[in-house]
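**Q** To start, I am sharing the structure in question, which I have written as structure tokens.
The values are calculated or read from the model by the stated rules, or taken from the named source; none is laboratory data. Computed from a prediction, not measured in an experiment: that's the story for all the values here. All Cβ positions, glycine included, derive from the backbone under ideal geometry; neighbour counts span all protein chains shown.
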Amino acid sequence: MGIPAKPQVAAPGNDKIVKLETFRWKQQPNIVWVEVTTEQGFVGLGETYYVPGAVEAVIHEMAAPLILGKNPFHIEDVWNTLFVCANFFGYAGAEMRAYSAIDIALWDIFGQATGLPVHTLLGGKTRDSIPIYNTCINFGKYTDMDDSLARPGELAEELLAQGIKAMKLWPWDRFAPQLKVEAITGPAGWAAVGPAGSYLSLEDLKKGLWCVEDIRHKVGDRMEIMIEGHSRWDLNCAIKIGKALEPLQPFWMEDMMQPDSPDDLARLADSVRVPQCVSERLFTRYAYRQILERKAAHIVILDLVWTGGLTEGRKIAHLADTYHLPIAPHDGTGPVTILSSMHLCASVTNAATIETERAFYDGGYYSEVVTNNLPIRDGRMWIWDTPGLGTELRPDFKARADVSSRITRLS
């Protein structure tokens, strides 16, 4: 028998980036979608979230002059070019959000050009599916946030009936100091923003604890429970909450404090027998290195559309693996974020779970925006093998009267 012929896969050539286009939708005013178009006609899709006017300005006024005309397959070179320029003035804000979206779009182009899914380009598939958890937000037909406080046990039963075996709620945010900033966060997010609380009464501690107890009472250990802190507490209050939670064995406590002091986070991790999850708010591997070196986290939660895209996300995942720790990608934004995270989780060995919101993908707005919605069933996200990311912006979405766009082209 002869040696089998190798499959013929097109190799990326000397293409170049010729257009950057951003899209904003009045119904989701915090999201920016980015399309990167090449001379050969490939269109890569990216996404990011928060302060969209600033992000859009960075893309068109700072990034475009630097990357138009560059080879889209030189992803590391593009990332480094953008990062070192931003770092001269301070990178951890709109700049990194913008660059994250561009980076994801370039990986999408790479996949389309080779006919391969992004997870293959990142190193190959290590799993066929990844467990999801449901973050309890209010949107569309679901009132999960309200239900998580009023009838958490019944909500857990409903999620289990859908095959979802993990849920995240924030029972104590309502007792922290409130700062209403609905104008920039949207009506569902304002309560999660505010200064850290330095006092939590025993009465309020028990009110929050009841939410977790009711879940355990109704469904026992069939439901994994994640506790979101939104960085609303100081060290003493975070320890107080953690100690109360210990007998109920939550899967993690997430961002109970601001993530800007690795040493203080390490004190929390050392004081409480609940795994500490840190932090979607951190940008680039340099911030995560400090957290890991100080033993300040047990789970690394990263947001690909903030921290540097897939290029940086892969490095953060490998860094966490060096410390024998898992990653758990964050979401709360849009479908491209989750699908990018799916490809990352497919390609690394240390992914524990991935965040989703059934309110968005099950009858929510995702299906209005992208051609392929999330591949979720039986409480898991099933990894698809479609080239690139595997989805596009719907043409009818881009044509909507309430969707605006901005274009910068290569001169």
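One line per residue, one yes/no per condition, for (1) outside the structural domain of Leu205 (by TED's automatic domain parsing); (2) under 25 Å from Lys207 (Cβ atoms); (3) touching a residue at least 24 places away in the same chain (Cβ under 8 Å):
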{"position": "Pro247", "(1), (2), (3)": "no, yes, no"}
{"position": "Trp252", "(1), (2), (3)": "no, yes, yes"}
{"position": "Met256", "(1), (2), (3)": "no, yes, yes"}
{"position": "Asp260", "(1), (2), (3)": "no, no, no"}
{"position": "Arg267", "(1), (2), (3)": "no, no, yes"}
{"position": "Asp270", "(1), (2), (3)": "no, no, yes"}
{"position": "Val274", "(1), (2), (3)": "no, yes, yes"}
{"position": "Cys277", "(1), (2), (3)": "no, yes, yes"}
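**Q** Pick from the stretch 286-338 the residues that are outside any loop (DSSP other than H, G, I, E, B) and basic (Lys, Arg): which of them is nearest to Gly90 (Cα to Cα)?
**A** Residue satisfying both the conditions and the ranking: Arg289.
**Q** Right, next: Exactly one of these conditions fails for Tyr91: (1) within 23 Å of the chain's Cα centre (by Cα); (2) modelled with pLDDT of 95 or more; (3) hydroxyl-bearing (Ser, Thr, Tyr). Give me its number.
**A** The failed condition is (2).
**Q** Just one of Phe73, Phe83 is surrounded by 17 or more Cβ atoms within 10 Å (Cβ to Cβ) and in contact with a Pro (Cβ under 6 Å, 6 or more places away or on another chain); which is it? If you could, list the steps in order and put the result at the bottom.
**A** Numbers: Phe83 fails: in contact with a Pro (Cβ under 6 Å, 6 or more places away or on another chain).
Answer to the selection: Phe73.
**Q** Tally time: how many residues in the stretch 201-235 are touching a strand residue (DSSP E or B) at 6+ places or on another chain (Cβ under 7 Å) and aliphatic (A, V, I, L, M)?
**A** 6
**Q** So Gln112 ticks every box in (1) under 14 Å from Gly309 (Cβ atoms); (2) more than 22 Å from the chain's Cα centre (by Cα) but one. Which box is left unticked?
**A** Of everything listed in (1) under 14 Å from Gly309 (Cβ atoms); (2) more than 22 Å from the chain's Cα centre (by Cα), Gln112 misses just condition (1).
**Q** Would you point out which residue out of Leu160, Leu169 is touching a Pro at 6+ places or on another chain (Cβ under 9 Å) and within 30 Å of Ile241 (Cα to Cα)?
**A** Numbers: Leu160 fails: touching a Pro at 6+ places or on another chain (Cβ under 9 Å).
The unique qualifying residue is Leu169.
**Q** If I filter the stretch 130-143 down to residues being surrounded by fewer than 22 Cβ atoms within 10 Å (Cβ to Cβ), touching a helix residue (DSSP H, G or I) at 6+ places or on another chain (Cβ under 9 Å) and not hydrophobic (A, V, I, L, M, F, W, C), which single residue comes out as nearest to Tyr365 (Cα to Cα)?
**A** The qualifying residue nearest to Tyr365 (Cα to Cα) is Gly140.
**Q** Let me ask another. Looking only at the stretch 262-280, decide whether some residue is of a type in the set (Val, Ile, Thr), in contact with a Cys (Cβ under 9 Å, 6 or more places away or on another chain) and modelled with pLDDT of 95 or more. Steps first, answer last, please.
**A** Residues of the stretch 262-280 of a type in the set (Val, Ile, Thr): 272, 274, 278.
Adding the requirement that they be in contact with a Cys (Cβ under 9 Å, 6 or more places away or on another chain) leaves none.
Within the stretch 262-280 (the criterion being of a type in the set (Val, Ile, Thr), in contact with a Cys (Cβ under 9 Å, 6 or more places away or on another chain) and modelled with pLDDT of 95 or more), the answer is no, since none of the residues qualifies.
**Q** So, one more: Name the residues in the stretch 387-409 that are out of contact with any helix residue (DSSP H, G or I) (no Cβ under 8 Å at 6 or more places or on another chain) and crowded, with 16+ Cβ neighbours inside 10 Å, would you?
**A** Glu392, Lys398
**Q** Please pick out the residue among Tyr99, Tyr133 that is among the aromatic types (Phe, Trp, Tyr), modelled with pLDDT of 95 or more and assigned by TED's automatic domain parsing to the domain that holds Ser341.
**A** Details: Tyr99 fails: assigned by TED's automatic domain parsing to the domain that holds Ser341.
The match here is Tyr133.
Rundown of residues vs (1) under 12 Å from Ile104 (Cβ atoms); (2) acidic (Asp, Glu); (3) surrounded by 24 or more Cβ atoms within 10 Å (Cβ to Cβ), yes/no style:
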| site | (1), (2), (3) |
| --- | --- |
| Arg294 | no, no, no |
| Ile299 | no, no, no |
| Leu304 | yes, no, yes |
| Leu310 | yes, no, yes |
| Gly313 | yes, no, yes |
| Tyr323 | no, no, no |
| Pro326 | no, no, no |
| His330 | no, no, yes |
| Gly334 | yes, no, no |
